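Engineer: Could you have a look at this structure, given as structure tokens, before my questions?
The values are calculated or read from the model by the stated rules, or taken from the named source; none is laboratory data. Just so it is clear, the structure is predicted and the values come from calculations on it, not from any experiment. In this analysis, Cβ positions are derived from the backbone assuming ideal geometry, glycine residues included, and neighbour counts consider all displayed protein chains. Quick note on the areas: whole protein, heavy atoms, side chains included, nothing else; ligands and nucleic acids left out. Shrake-Rupley method; radii C 1.70, N 1.55, O 1.52, S 1.80 Å.
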Amino acid sequence: MAPPLTPMLRQYRAMKAQAGDALLLFHLGDFYECFFEDAVTVARALDLTLTARNKSAEEPVPMCGVPVRAADGYIARLVERGFKVAVCEQVQDPAEAAGLVDRAITRIVTPGVVTDPANLDARANNYLVALCLQSPRPGHDARRVAGPLADGGAAAVGLAALDASTGEFVACEVAAGRDLADELSRLAPREILVPAPLAASGLPDEVAQGAAEGRWRIEPRAAESFAVPGAVARLEALLGVSGVEGLGLGGRPLATGACGALLAYVEETQRVAPRHIGAPRPYAPGGTMALDEATRRSLEVLAPASGGDQGGRGRGAGSLLALLDLSVTAMGGRRIRRWLTYPLTRLADLAPRQALVAAAVAAGPARARLRSALDRVADVERLTAKAALRQANARDLAALGRSLAALPAVADAASAIAPELAARLDPLDDVAARLAATLVEDPPAGLKEGGMIRPGVHAELDELRSLREEGTGFIAKLEARERQRTGIASLKVGYNRVFGYYIEVTRPNLHLVPDDYERRQTLTQAERFVTPELKAYEEKVLSAEARILDLEYELFTELRDAVAAEARRIAAAADVVAELDAAAAFAEAAARYDYVRPELTEGTEIVIEEGRHPVIERMPLGERFVPNDVRLDTSANQILVVTGPNMAGKSTYLRQVALIVLMAQVGAFVPARSARIGLVDRIFSRIGAADDLSRGRSTFMVEMSETAAILRSATPRSLVILDELGRGTSTYDGLSLAWAVAEHLHDDPGLGCKTLFATHYHELTDLARTKPRVVNLTVAVTESDGRIVFLRKIVPGAASRSYGIQVARLAGVPEPVLARAQEVLANLEGDEFTESGQPRFARRGARRQAPAPQLALFGRDRAS
């Protein structure tokens, strides 16, 4: 039988019961300790030494700990590994405790509610998402929630996303299936809240797959937390409103339920009302361009495809984000990332942003002043969130105060670029002045050390400090007086934390000690004494010191609460700062890199003169980047088939067209001599692939899955780029599929999307003989003595050869191998056309025609 637990361990067990499935860090002296099963888990996860309490007992209690001062780093590591961490603090002064110190869980840290800027990517949001799914009919498989419901419609999902570290709060309703998958891919949440019954019956595939891959953590919640009445009550209490119709949530019950679940979770984990969170911003994904994960990856929008931030949260060099993010503030960096993730599809939305960027381009000196002023602004959003959640220290508030003090200079510089935005920028003079007047210039990090509050702020504090500072003079006078009174020249007055103030007398002089000296401590060579006068002084000074610390902490918490009360004002100012910074960054990129303002239209034509790849042109590749033109429309130039040898620049050409369109639709200037962009609703990219072993899919399966998604989801307003489609299988299978896909894109009346199709199958150029909207382009090369030179210029026409053997020669393949390859190639090229001169691949009814069921690959299933 195990021995009974000590009172402290019983208290630990009680706190652990409250923490549930979270690991409990229990404040004990200078450490956070873990016991029992949590100690084993934490020691393993953090590679800590596992020790034990009551080692001599028959069943010692496993134990490990981390220093309080370094705890944030350890907590971050645990959360990064997917754990929840409950922090249990001492909420009573140990000196005042009659027995056990009172303790309470003050916060629970989970991947979705990390708020410490030191443990976050400054230029990326950290989203917590809640999903409120429409209940399926009885017997319906929740994992296939995209299927029709009893009412005949597609399943709907309410989605709310919140960044607790900034207060950003958005909500929408989307169709389950691909739309939900795309939205989750764009948000890249760290944690997703779902109703517990759904988690038990089976999550939708797109949610479960992301969890299995470690992209997010699933947190099942009671179904009641998603109920609309409770959600409305939470929103009303937080925002001080009556009803949610004015918030834009009227008629969106699923989105409202998701918002309520998020707020309940944040309040539960943070143990404080999140006053920095404002009204949720409803949005419709249909008003923005959808970019699926494969397209973002292949276009290297947020990270280079070769590595770096594949999780969607970094700022890897070699990406479009890294190129365009010339922002000065972290808030501006997050805004640029959001713009790139949600390109706009409506002229009415794009025109103001593009005009703002154009004004910043034109006003060079004012832009320089603006960026200089912004350079003095720290991450106001996250500092304010820390204050609202009662996690900010004095250094955080001092940094916030300095940032707010810079806002008038920001507004002044912005007035020459964007007068309306400048007028909206609240200078927050009152908040900045109070922070500056209250806090010292460089306060300490700790909140219980004192030294935070300026002189003159509080009369009692000033008096107590004077008493403390006068102590040095009092001690010197007392020491001199006692030496004279006793005749002990070596007598000295000292202090230590254990015994307090004392008078020290060496042993040879003990016979001179007066009767009023009271012995306090015996040393080898001396004795220490106190007098009634010294004891009275000590009590006075120590009580003053304790009162100083208490009073400073009180004044600091009052200040922090005052900042929290202004959180939404500060958030509104931060929103303007982010908008100005992002626009100025786009303008700076345009000025540095010679970009032009694109003409945006509601038409279907895309015309780019001397376009360039924005990222590749900045790379030191040892040659001048060659610009190229493109014309795409739905009447005569719908499908451009681009041929040419490897390394000639086909893939670069495809990507640069897509990136120029993307840049235009986020409001940026573009790398071209001129550009007229008919707005597209979606960009699809099928470029390159690799085995997806985690899902058991080969390269070819990945390629076909992405192709199927394009054929099912593209519209006449979409832009599609396909590179080397079909290369993952045998030559004839690949060529057959590539031909059929191109025909389908051309002939299907519901498609007609603008398409760039790069291929090594030069047989595909024969499509132009039978399809009126197919145009052939090729990359110009010159050849001399069996060697080729890439000219990088896209010209009309078709490549009659792939030049693979010549590229192999450049790579150093031995000449005998190249000679034999030339012979085999000549044999293979002898049978391209029928006896009547028609391309063989244009014939229908051939013996090897694919069985009818395979045509499902090209079927249009909009619900998926």
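Engineer: How big is the charge dipole of the stretch 528-613 about its Cα centre, in debye rounded to the nearest 20, if each Lys and Arg gets +1 on its Cβ and each Asp and Glu gets -1 on its Cβ? Display every interim value, and only then the final one.
Structural biologist: Working: 10 positive and 20 negative charges, 114 e Å.
Dipole about the Cα centre, nearest 20: 540 debye.
Engineer: Let's see if you can work this out: charge +1 on each Lys and Arg Cβ, -1 on each Asp and Glu Cβ, no other charges. What is the dipole magnitude of the stretch 1-141 about its Cα centre, in debye to the nearest 20? Numbers along the way, then the final one.
Structural biologist: Numbers: 14 positive and 17 negative charges, 52 e Å.
In debye, rounded to 20, the stretch 1-141 gives about 240.
Engineer: Can I ask one more? About its Cα centre, what dipole magnitude does the chain give when the only charges are +1 on Lys and Arg Cβ and -1 on Asp and Glu Cβ, stated in debye to the nearest 20?
Structural biologist: Dipole of the chain, to the nearest 20 debye: 1260 debye.
Engineer: Could you state the accessible area per residue of the stretch 247-309 in Å², with a 1.4 Å probe and every protein chain left in place?
Structural biologist: I get 30 Å² per residue for the stretch 247-309.
Engineer: Which label belongs to the value computed from this structure, given these candidates for volume of the Cα convex hull per residue in Å³: (1) 257; (2) 184; (3) 198?
Structural biologist: (1)
Engineer: A further question follows. If you take the charge dipole of the chain about its Cα centre, with +1 on Lys and Arg Cβ and -1 on Asp and Glu Cβ, which of L128, V91, M63 is farthest toward its positive end?
Structural biologist: Value: L128.
Engineer: At R0 = 30 Å, how high is the FRET efficiency between A459 and D102 if r is their beta carbon distance? Nearest 0.05 is fine. It would help to have the intermediate numbers written out before the result.
Structural biologist: Details: r = 32 Å, r/R0 = 1.06.
Efficiency computed from Cβ-Cβ geometry: 0.40.
Engineer: So, one more: Per-residue ellipticity at 222 nm for the chain, helices alone: DSSP H runs ≥ 4 residues times -39500 (n - 2.57), over residue total, nearest 500 deg cm²/dmol? Write out the running numbers ahead of the final one.
Structural biologist: Details: 27 runs with 345 residues, N = 864.
Calculated mean residue ellipticity at 222 nm is -12500 deg cm²/dmol.
Engineer: Scan around L133 for amide H atoms under 5 Å from its own, H built in the peptide plane at 1.01 Å from N, and keep only partners 5 or more places away or cross-chain.
Structural biologist: Those qualifying (amide H under 5 Å, at least 5 residues apart or on another chain) are G158.
Engineer: List every residue whose amide H lies under 5 Å from the amide H of I721, counting only residues 5 or more places away in sequence or on a different chain, with H placed 1.01 Å from N in the peptide plane.
Structural biologist: Under 5 Å from the amide H of I721 lie the amide H atoms of F684, S685, R686, L756, each far enough along the sequence or on another chain.
Engineer: Accessible area per residue, 1.4 Å probe, Å², for the stretch 1-136: what's the number? Don't skip to the end; give the middle numbers.
Structural biologist: Numbers: 6540 Å² over 136 residues.
I get 48 Å² per residue for this part.
Engineer: Students often check this: by mean Cβ neighbours within 10 Å, which of 668-677, 628-637 ranks highest, and how do the rest follow?
Structural biologist: Numbers: 668-677: 22.7, 628-637: 17.1.
Answer by packing, highest mean first, reads 668-677, 628-637.
Engineer: Once fully extended, how much extra length lies between L510 and T6, figured as 0.36 nm per residue of separation less the alpha-carbon to alpha-carbon distance?
Structural biologist: On the way: separation 504, 0.36 × 504 = 181.44 nm, distance 4.70 nm.
Between L510 and T6, full extension yields an extra 176.7 nm.
Engineer: Per the 1.4 Å probe, what fraction of the accessible area of the chain, in percent, lies on carbon and sulfur atoms? Spell out each step's value before the answer.
Structural biologist: Numbers: 19650 of 37680 Å².
Looking at the chain in its full context, I get 52 percent from C and S.
Engineer: For labels at E558 and F499 in the simple 7 Å Cα→Cβ model, what's the distance in nm?
Structural biologist: Using points 7 Å along Cα→Cβ, the separation is 4.0 nm.
Engineer: Using the Karplus equation 6.51 cos²θ - 1.76 cosθ + 1.60 (θ = phi - 60°), what ³J(HN,Hα) coupling, rounded to whole Hz, does each residue of the stretch 218-226 give in order, writing x for Gly and Pro?
Structural biologist: Whole-Hz 3J(HN,Hα) from phi for the stretch 218-226: 9, 10, x, 10, 4, 4, 4, 6, 9.
Engineer: Run down the aspartates and glutamates and flag those whose C-alpha is under 14 Å from the C-alpha of K754, throwing out any fewer than 8 positions away in its chain.
Structural biologist: Hits, sequence-local ones excluded: E605, D633, D681, E743.
Engineer: Which net charge results when you count Lys and Arg as +1 and Asp and Glu as -1 among the other residues whose beta-carbon is under 12 Å from that of C259?
Structural biologist: Numbers: positive: R234, R252, R281; negative: E173, E236.
Here the count lands on +1.
Engineer: Next up: With the crude spin-label approximation of a point 7 Å out along Cα→Cβ, what separation in nm comes out for R481 versus E236?
Structural biologist: In this crude spin-label approximation the distance works out to 6.9 nm.
Engineer: Another one. Which pairs break 25 Å Cα to Cα here: K477/K540; K386/K540; K650/K771; K448/K492; K84/K448? Before the final figure, lay out each step's value.
Structural biologist: Working: K477/K540 17 Å; K386/K540 36 Å; K650/K771 22 Å; K448/K492 31 Å; K84/K448 27 Å.
Result: K386/K540; K448/K492; K84/K448 exceed 25 Å.
Engineer: Now for a different question. Tell me which of G73, G257, G332 sits at the most positive position along the dipole axis of the chain, charges placed on C-beta atoms (Lys, Arg +1; Asp, Glu -1).
Structural biologist: Value: G332.
Engineer: I've got another one for you. Give the residue from T604, A587, Q521 lying farthest towards the positive end of the charge dipole for the stretch 511-629; charges sit on Cβ (+1 for Lys and Arg, -1 for Asp and Glu) and the dipole is referred to the Cα centre.
Structural biologist: Positive-end residue among those listed: Q521.
Engineer: Using 0.36 nm per residue, how much length does the chain from R424 to M647 gain when fully extended, once their Cα-Cα distance is taken away? Write down the numbers at each step before the final one.
Structural biologist: Details: separation 223, 0.36 × 223 = 80.28 nm, distance 5.10 nm.
Extra length available between R424 and M647 comes to 75.2 nm.
Engineer: For A819, project a label point 7 Å along Cα to C-beta. Then give me every residue of the stretch 765-789 with its amide nitrogen under 18 Å of that point.
Structural biologist: Output list for this probe position: 785-787.
Engineer: On to the next question. Could you give the accessible area per residue of the stretch 159-207, probe 1.4 Å, as a whole number in Å²? Walk me through the numbers on the way to the answer.
Structural biologist: Values: 1020 Å² over 49 residues.
Accessible area per residue: 21 Å².
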